[in-house]
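Asker: One structure coming up, written as structure tokens, with questions to follow.
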Amino acid sequence: MRRYLLGLVLILFSLCAKAQIIYWDNTKDFLDVGKNVQILEDKEGIYSINEVASKELSHKFISSKKSIINFGYTESIHWLKFTLQNITTDSLLLEIAHASLPIADIYYKNKEGDFSSIKGGYRIPMNEKNIIHHYQIFPLHKGNSEFYIRVLSNSHPLPLRIWKHKSYNVRTYSQRLIYGFYFGFMLFVIITNIFFFFSLRNRIYLFYAFVVMIYICYASMVMDGFILYLFPKLDMMFWYVTIPTIGVAVQTAYCLTFLEAKKYVRKVNKVVKYVIGYFIMYLLLRPFIPFTLVLALNTVHALMSFFIMGYVGVRVGKKGNRMGYYYAIAYGIYFTLVVIEAIYIQTGTPPYFLGLSHVAFATLIEAFILSYLLSKRSEWERADSEREKLLAQEALFKTVQENERIVTEQNVILEEKVAKRTQSLNEANKELGFAIATKDKFFSIIAHDLKSPFNSLLGMSDLLVNGYDNYTEDDKKKYLKVISTGLVNTHDLLDNLLLWSQSQRGSIAFIPEKICLSDLLKETLSYLKQHSESKDITLTNNIKNGTYVNGDRNMLMTILRNILTNSIKFTSKGGKVHVDLIEDPDDDKADFLTVAICDNGIGISHDRQDKLFKLSTNVSTNGTNNESGTGLGLIICKEFVERHGGKIWVESEPGKGSSFCLTIPKN
């Protein structure tokens, strides 16, 4: 019983291991045979055709269940086995529709019963192949034959199809026309954008031309492989892993540039630049990374690139750049076709359109859409530029109007200022002329007042010189006293002139300090004692000890000396002069003290009181003993008092005496 069961299992296993027979009946132009083959993995790549065809390995083949065979990321050799029964007179071809297979050899038995082979794969130059084609094409002889295919696919899908020879020739011709159209259109896009670059001097066109060149490389080197018609000995596997590595970095960088991400989404732009830097670093390190890992990473990077470009497009669109949404949609279409390509690899549907892979067709559509977007961007930029120019012109027009208004207002203001300045200059000229005339008049008075005492001095001195011996001692003393008085008066006049001159030039330093007013007044009265005694005039200081003011010592002494001198001058013999502090109930709160210098002299008429402190109207008046004077002392007093921030005024009645009042700051 056990032997019977064991024999039955061996028979069933043998039937399963036997390749399925493919029947060709001339009813179709081609036949997909992916599901009709059996597969054996040769991990070490050590099996020969004889070993594979032996009974020991024959039972290790497993049936394929896919229309398009895909072994995933692997470096193993795989053997495919199928049996073809061609009972027609048709000449048949086997097509493995992939150009980047490193190894694709077919084995079959010849008439002598030995295995013969036909070499394929991109390592065999295309012009040395049995049938010149970028795909792997092998002739299949008639009758009932078993075929073995030794293939190294890496990650490439293996679409297996048997063609009628004549039909395949027609298909190949049309396919090459499609490739030519594809290449011509993409080349036209590149040349056009290079032309725009040199015409408009905008680097975005040159950048886009480079992107389109990457698209061509995707289609011609990675997916469809028709680059072999131009470069038959090209190392397809090198470019198969290199082009995607370059492409993700270029496409992502172009996305940032085209959408002006730095302007609209600065933070996102910065992060994506780091990702681009990672892509570039990966490109440099790729030769040191295991091949199967490179294939997997290329897929991951492609997905990252699609996501990043879509995300940047949406973010930029939300920030106001409407081109962002269109860009995201364009790469959404691209990604959709890539997904369709992945579905085709697994299921064999949907079929390629016009002989182009779905990815190649995606690059064609993408090139067309991006070209359109680039032209729209230029159109929108021109429209924006025109709008900005219009807005700038309107702003300029408003600015010109505003400037004209400002200029008009400024002209009016300037004219008013000029008129005021002219009026001020005219008034200043009048005042200057008046001041000059006043000073001339004043100097003539000064000259007269100086001349008179000098005439008196000259006369008296001449009398003494010529008749000295003829005069008694009393006469001599009398004349000398007159000379002395004249000299004192002249000295005082010259001293006042010097002070006034210094005041006019601003060369008198104002040095305020805390001063005891009573002590300063005592010092001044002591200076004038001889002058007052000569007229028997009593000088009284009613300022309390400990009364302090804040002022310039020399100026205050000059003020007191001049006013007291005037009081003595215009007070008759035996008269009285006293200095008082005018009390005020609010003295503790006041900032100034009021000092009054009073006499019982001849007084001053009301019409002359207003002229005392003015240089233009000041008229010199002789004293009670015919003492000469210029009135310059009071003018100096007024200037010095005002320098302290105070005021000076006179209260007088003719025949009743005068009171000169002034305010001096406490602090």
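The values are calculated or read from the model by the stated rules, or taken from the named source; none is laboratory data. Being a predicted model, the structure only gives us computed values, none of them experimental. A quick note on method: Cβ atoms are made from the backbone with ideal geometry, for glycine too, and the neighbour counts reach across all protein chains shown. When the accessible area is computed, the model is the full protein with side chains, heavy atoms only, and any ligands, DNA or RNA have been set aside. Shrake-Rupley method; radii C 1.70, N 1.55, O 1.52, S 1.80 Å.
Asker: Just to be sure, is ASN193 open to solvent by less than 30 Å² (accessible area, probe 1.4 Å), assigned to a helix (DSSP H, G or I) and over 22 Å from PHE231 (Cβ atoms)? Spell out the reasoning first.
Answerer: On the way: open to solvent by less than 30 Å² (accessible area, probe 1.4 Å): yes; assigned to a helix (DSSP H, G or I): yes; over 22 Å from PHE231 (Cβ atoms): yes.
Answer is yes for this residue.
Asker: Any residue that is under 30 Å from LEU293 (Cβ atoms), open to solvent by less than 30 Å² (accessible area, probe 1.4 Å), touching a His at 6+ places or on another chain (Cβ under 7 Å) and modelled with pLDDT of 90 or more - is there at least one of those in segment 161-172? Give the derivation first.
Answerer: The first filter runs over segment 161-172 and keeps only residues under 30 Å from LEU293 (Cβ atoms), leaving none.
Scanning segment 161-172, I find no residue that is under 30 Å from LEU293 (Cβ atoms), open to solvent by less than 30 Å² (accessible area, probe 1.4 Å), touching a His at 6+ places or on another chain (Cβ under 7 Å) and modelled with pLDDT of 90 or more, so the answer is no.
Asker: Let me ask something additional. Please indicate, with yes or no, whether at least one residue in segment 222-229 is small (Gly, Ala, Ser), at pLDDT below 95 and closer than 30 Å to GLY180 by Cβ. Full working, then the answer.
Answerer: We begin by selecting, within segment 222-229, every residue small (Gly, Ala, Ser); these are 225.
Pick out the ones that are also at pLDDT below 95 and you get 225.
In the following step, the residues that additionally are closer than 30 Å to GLY180 by Cβ were identified as 225.
Within segment 222-229 (the criterion being small (Gly, Ala, Ser), at pLDDT below 95 and closer than 30 Å to GLY180 by Cβ), the answer is yes, since at least one residue qualifies.
Asker: For PRO139, which of the numbered conditions (1) at pLDDT 90 or above; (2) assigned to a helix (DSSP H, G or I) fails to hold?
Answerer: For PRO139, the exception is condition (2).
Asker: OK, next. Among the numbered conditions (1) at negative phi; (2) of a type in the set (Gly, Ala, Ser); (3) at pLDDT below 80, tell me where SER572 comes up short.
Answerer: Every condition holds for SER572 apart from (3).
Asker: Can you find a residue in segment 92-112 that is open to solvent by 40 Å² or more (accessible area, probe 1.4 Å), polar (S, T, N, Q) and either in contact (Cβ under 8 Å) with a residue 12 or more places away in the chain or in contact with a helix residue (DSSP H, G or I) (Cβ under 6 Å, 6 or more places away or on another chain) (or both)?
Answerer: Step one: list which residues in segment 92-112 are open to solvent by 40 Å² or more (accessible area, probe 1.4 Å), which gives 108-112.
From the residues that got through so far, the ones that are polar (S, T, N, Q) too are 110.
Still in the list and also either in contact (Cβ under 8 Å) with a residue 12 or more places away in the chain or in contact with a helix residue (DSSP H, G or I) (Cβ under 6 Å, 6 or more places away or on another chain) (or both): none.
Within segment 92-112, none of the residues are open to solvent by 40 Å² or more (accessible area, probe 1.4 Å), polar (S, T, N, Q) and either in contact (Cβ under 8 Å) with a residue 12 or more places away in the chain or in contact with a helix residue (DSSP H, G or I) (Cβ under 6 Å, 6 or more places away or on another chain) (or both).
Asker: Exactly one of (1) loosely packed, with under 11 Cβ neighbours inside 10 Å; (2) touching a residue at least 12 places away in the same chain (Cβ under 8 Å) is unmet by LYS420. Its number?
Answerer: Unmet for LYS420, out of (1) loosely packed, with under 11 Cβ neighbours inside 10 Å; (2) touching a residue at least 12 places away in the same chain (Cβ under 8 Å): (2).
Asker: Further, regarding this structure: Given (1) among the small types (Gly, Ala, Ser); (2) at pLDDT 90 or above; (3) under 30 Å from ASN298 (Cα atoms), where does SER117 come up short, assuming only one miss?
Answerer: All conditions pass for SER117, except number (3).
Asker: Only one of LYS319, LYS273 is farther than 17 Å from TYR254 by Cβ and of a type in the set (D, E, K, R). Can you tell me which?
Answerer: On the way: LYS273 fails: farther than 17 Å from TYR254 by Cβ.
Just a single option satisfies the conditions, and that option is LYS319.
Asker: Also, quick follow-up: Determine whether segment 103-122 contains at least one residue that is of a type in the set (Phe, Trp, Tyr), in a loop (DSSP other than H, G, I, E, B) and within 24 Å of ILE343 (Cα to Cα). Steps first, answer last, please.
Answerer: To start, the set of residues in segment 103-122 that are of a type in the set (Phe, Trp, Tyr) comprises 107-108, 115, 122.
With the extra rule that they be in a loop (DSSP other than H, G, I, E, B), the set shrinks to 122.
Of the ones still in play, those that are also within 24 Å of ILE343 (Cα to Cα) are none.
The answer is no; no qualifying residue exists.
Asker: What is the residue count in segment 294-326 for residues that are among the charged types (D, E, K, R) and either under 19 Å from ILE276 (Cα atoms) or part of a helix (DSSP H, G or I) (or both)? Break it down stepwise before answering.
Answerer: Taking segment 294-326 first, the residues among the charged types (D, E, K, R) are 315, 318-319, 322.
Next, only the ones that are either under 19 Å from ILE276 (Cα atoms) or part of a helix (DSSP H, G or I) (or both) stay: 315, 318.
Total satisfying the criteria: 2.
Asker: For segment 260-284, how many residues meet the condition of being assigned to a helix (DSSP H, G or I), within 25 Å of SER371 (Cβ to Cβ) and out of contact with any His (no Cβ under 7 Å at 6 or more places or on another chain)? Write out each step before concluding.
Answerer: Here is the first cut: in segment 260-284, the ones assigned to a helix (DSSP H, G or I) are 261-264, 266-284.
Among the residues that remain, those that are also within 25 Å of SER371 (Cβ to Cβ) are: 261-264, 269, 272, 276, 279.
Okay, now just the ones that are also out of contact with any His (no Cβ under 7 Å at 6 or more places or on another chain), so 261-264, 269, 272, 276.
Qualifying residue count, segment 260-284: 7.
Asker: Another question, then. Under 7 Å between Cβ atoms, at least 6 apart or on separate chains: pull out the pairs that start in segment 651-667 with a residue that is without any contact (Cβ under 8 Å) to a residue 40 or more places away in the chain and end on any residue that is open to solvent by 10 Å² or more (accessible area, probe 1.4 Å) and not basic (Lys, Arg).
Answerer: GLU651/SER659
Asker: Does GLY324 fit the bill of being surrounded by 12 or more Cβ atoms within 10 Å (Cβ to Cβ), in contact (Cβ under 8 Å) with a residue 60 or more places away in the chain and on the phi > 0 side of the Ramachandran plot? It would help to see each step written out before you state the result.
Answerer: Working: surrounded by 12 or more Cβ atoms within 10 Å (Cβ to Cβ): yes; in contact (Cβ under 8 Å) with a residue 60 or more places away in the chain: yes; on the phi > 0 side of the Ramachandran plot: no.
So GLY324 does not fit the description; no.
Asker: On the basis of being among the β-branched types (Val, Ile, Thr), closer than 19 Å to PRO102 by Cα and assigned to a helix (DSSP H, G or I), does THR257 make the cut?
Answerer: On the way: among the β-branched types (Val, Ile, Thr): yes; closer than 19 Å to PRO102 by Cα: no; assigned to a helix (DSSP H, G or I): yes.
Here the answer is no, as THR257 does not meet what is asked.
Asker: Out of segment 297-313, which residues are among the hydrophobic types (A, V, I, L, M, F, W, C) and surrounded by 15 or more Cβ atoms within 10 Å (Cβ to Cβ)? Reasoning before the result, please.
Answerer: Filtering segment 297-313 down to residues among the hydrophobic types (A, V, I, L, M, F, W, C) leaves 297, 300, 302-304, 306-309, 312.
Answer for segment 297-313, where residues must be among the hydrophobic types (A, V, I, L, M, F, W, C) and surrounded by 15 or more Cβ atoms within 10 Å (Cβ to Cβ): LEU297, ALA302, MET304, PHE306, ILE308, MET309, VAL312.
Quick grid of which residues meet (1) in contact with a helix residue (DSSP H, G or I) (Cβ under 6 Å, 6 or more places away or on another chain); (2) among the hydrophobic types (A, V, I, L, M, F, W, C); (3) farther than 22 Å from GLY657 by Cβ; (4) open to solvent by 10 Å² or more (accessible area, probe 1.4 Å):
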{"position": "VAL549", "(1), (2), (3), (4)": "yes, yes, yes, no"}
{"position": "ARG553", "(1), (2), (3), (4)": "no, no, yes, yes"}
{"position": "LEU564", "(1), (2), (3), (4)": "no, yes, no, no"}
{"position": "ILE568", "(1), (2), (3), (4)": "yes, yes, no, no"}
{"position": "GLU583", "(1), (2), (3), (4)": "no, no, no, yes"}
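Asker: Hey, another quick one. Give me the pairs: first residue in segment 603-615 and open to solvent by 100 Å² or more (accessible area, probe 1.4 Å), second residue part of a helix (DSSP H, G or I), beta-carbon distance under 8 Å, and six or more apart or on different chains, which are they?
Answerer: The qualifying pairs are LYS614/ILE635.
Asker: Another question about this same structure. Filter segment 601-657 down to the residues that are closer than 22 Å to ILE582 by Cβ, part of a loop (DSSP other than H, G, I, E, B) and at pLDDT 80 or above and list them by number.
Answerer: Of everything in segment 601-657, those that are closer than 22 Å to ILE582 by Cβ, part of a loop (DSSP other than H, G, I, E, B) and at pLDDT 80 or above turn out to be GLY601, GLY603, ILE604, HIS644, GLY645, GLY646, LYS647, LYS656.
Asker: For segment 152-165, state whether one or more residues are in a helix (DSSP H, G or I) and either touching a residue at least 24 places away in the same chain (Cβ under 8 Å) or under 30 Å from LYS119 (Cα atoms) (or both).
Answerer: Pass one, segment 152-165, residues in a helix (DSSP H, G or I): 165.
Now narrow it down to the ones that are either touching a residue at least 24 places away in the same chain (Cβ under 8 Å) or under 30 Å from LYS119 (Cα atoms) (or both): 165.
Within segment 152-165, one or more residues are in a helix (DSSP H, G or I) and either touching a residue at least 24 places away in the same chain (Cβ under 8 Å) or under 30 Å from LYS119 (Cα atoms) (or both).
Asker: Kindly indicate whether LEU228 is open to solvent by 50 Å² or more (accessible area, probe 1.4 Å), part of a helix (DSSP H, G or I) and touching a helix residue (DSSP H, G or I) at 6+ places or on another chain (Cβ under 9 Å).
Answerer: Working: open to solvent by 50 Å² or more (accessible area, probe 1.4 Å): no; part of a helix (DSSP H, G or I): yes; touching a helix residue (DSSP H, G or I) at 6+ places or on another chain (Cβ under 9 Å): yes.
The answer is no for LEU228.
Asker: Can I ask one more? Would you pick out the residues in segment 396-426 that are modelled with pLDDT of 85 or more and small (Gly, Ala, Ser)?
Answerer: ALA419
Asker: For a quick check of your reading of the model, give me the residue pairs whose first member lies in segment 279-296 and is surrounded by 11 or more Cβ atoms within 10 Å (Cβ to Cβ), whose second is acidic (Asp, Glu), with beta-carbon atoms closer than 8 Å and at least 6 apart or on different chains.
Answerer: Within 8 Å, the pairs are PHE291/GLU75; THR292/GLU75.
Asker: Separate question: Taking the options VAL338, VAL359, name whichever one is touching a helix residue (DSSP H, G or I) at 6+ places or on another chain (Cβ under 8 Å) and open to solvent by 20 Å² or more (accessible area, probe 1.4 Å). Walk me through it before giving the result.
Answerer: Working: VAL359 fails: open to solvent by 20 Å² or more (accessible area, probe 1.4 Å).
From the options VAL338, VAL359, the qualifying one is VAL338.
Asker: Check LEU373, LEU390 and return the single one that is open to solvent by 70 Å² or more (accessible area, probe 1.4 Å), part of a helix (DSSP H, G or I) and aliphatic (A, V, I, L, M).
Answerer: Of the residues listed, the single one that is open to solvent by 70 Å² or more (accessible area, probe 1.4 Å), part of a helix (DSSP H, G or I) and aliphatic (A, V, I, L, M) is LEU390.
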